[in-house]
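Okay, so here's the structure we're looking at.
The values are calculated or read from the model by the stated rules, or taken from the named source; none is laboratory data. Note that the coordinates shown come from a computational prediction; the quantities given were computed from them, not determined experimentally. Methodologically, a virtual Cβ is constructed for each residue, glycine included, from the backbone with ideal geometry; neighbour enumeration extends over all protein chains shown. For the accessible areas, the whole protein counts, side chains as well, though only heavy atoms, and no ligand, DNA or RNA atoms are used. Shrake-Rupley method; radii C 1.70, N 1.55, O 1.52, S 1.80 Å.
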Amino acid sequence: MNIRCGFCVPIFAAPGQWSFRTPNYDALDVPETLAMAVEADALGYNSLWIADHLQLGEDQAIMEGWTTMAALAGMTSRAQLGLIHGANLLRHAAVTARAAMTLDQISNGRLIYFLAPNAGENEQRAYGVDWPEPEQERVAQMVEALEMSVALWTAESPIDYEGKFYRLNAATCNPPPVQKPHPPIWIDASRPDMYAACARFAQGWNATPIGLESLDERLAGLQAACDEIGRAFDEIELSYETQILIAPDKGGVRALLQQLVDKGSGEDLREDMRAFLSGDNDVVPEELAKTFLIGTPDEVAAQMQVYIDRGISHFMLWFMDAPERGGLRLFAEEVLPRFR
């Protein structure tokens, strides 16, 4: 199996929140963030991922997704580019389809079109973006958006579209995307209507950090949705998005984790975390080991293999030590070559 690994670009800071994405980043530095992505591309990471939010992290400071991807399209040459859970409700779907076409053109066919029903309720309301209830309506709107986007990308003449949420009248999307028939569509499915959408439209499926039991349940849900419409399950690329803390030895891992904990608010730590940090034992705390990749290169590679054995072939990685680049480089040097 060809294993691919992506770099989740730290476009926001969450200092001290060691369980949330960017715990070592004290404050967003836009040039530094872009430089990390450029280095990841040079190091051979297969994909670069941008979170799609309007407010997130320290001081709610975050870079906007599509403009960041456009900048990286001009600054990189190899890695695919994608939003993480691109929020359908934040932008009109037909306009987003045209933006996707443009991004695919200027990146020479490197876009992954990862779509989700929405961003967070609080941020959407803060920006005056509608928040339909219930959730199934937001999913139904996303499904319509995908149907309409595929039509725009693949039509040879202007199209009309009449749906519950969207209407088009002689709309075009020229020039078409570089990738044929269109950029790969990814969906993070964890409920029946999302599994159905993934089976119908997607070339990729993603899971955020969850335990293996939950991962198995979601894979079974996706398999059932594929079976229902007669689609081959192995046509869909399976991805796992998670955090990673990697160092040359156990002492280095412990030191990095202590650094992250020291940035926090000083809340009580679980006993297994205290034992690991103090050196009383080398057992990685369960709350980290259950869903993250953490350890030496050998240990991280072994942890990845557990997911690979379940069919995962793409890892989307949030490096917990960013903006430091030790983990980014060590993984590229010591782990990536083992899976290629």
How many of the residues in the range 275-303 are among the hydrophobic types (A, V, I, L, M, F, W, C) and outside any helix (DSSP H, G or I)? 5
Could you check ALA27 against (1) assigned to a loop (DSSP other than H, G, I, E, B); (2) crowded, with 17+ Cβ neighbours inside 10 Å; (3) among the aliphatic types (A, V, I, L, M) and say which number it fails? (2)
Taking the range 94-111 and the residues there that are among the hydrophobic types (A, V, I, L, M, F, W, C) and either open to solvent by 10 Å² or more (accessible area, probe 1.4 Å) or touching a Phe, Trp or Tyr at 6+ places or on another chain (Cβ under 6 Å) (or both), the one that is nearest to ALA171 (Cα to Cα) would be ALA94
Count, please, the residues in the range 256-274 that happen to be within 28 Å of LEU48 (Cβ to Cβ), assigned to a helix (DSSP H, G or I) and out of contact with any Asp or Glu (no Cβ under 6 Å at 6 or more places or on another chain). 3
Among the hydrophobic types (A, V, I, L, M, F, W, C), open to solvent by less than 50 Å² (accessible area, probe 1.4 Å), in contact with a Lys or Arg (Cβ under 9 Å, 6 or more places away or on another chain) and modelled with pLDDT of 95 or more - does that describe any residue in the range 68-79? yes
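Rundown of residues vs (1) surrounded by fewer than 17 Cβ atoms within 10 Å (Cβ to Cβ); (2) free of Cβ contacts under 8 Å to residues at least 60 places away in the same chain, yes/no style:
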{"position": "VAL129", "(1), (2)": "yes, yes"}
{"position": "GLU133", "(1), (2)": "yes, yes"}
{"position": "GLN136", "(1), (2)": "yes, yes"}
{"position": "ALA151", "(1), (2)": "no, yes"}
{"position": "GLU162", "(1), (2)": "yes, yes"}
{"position": "PRO175", "(1), (2)": "yes, no"}
{"position": "PRO192", "(1), (2)": "yes, yes"}
{"position": "ALA197", "(1), (2)": "no, yes"}
Does the range 69-112 hold any residues that are of a type in the set (Val, Ile, Thr), free of Cβ contacts under 8 Å to residues at least 40 places away in the same chain and assigned to a helix (DSSP H, G or I), and which are they? VAL95, THR102, ILE106
Would the range 262-269 turn up any residue that is touching a residue at least 40 places away in the same chain (Cβ under 8 Å) and either at positive phi or open to solvent by less than 10 Å² (accessible area, probe 1.4 Å) (or both)? no
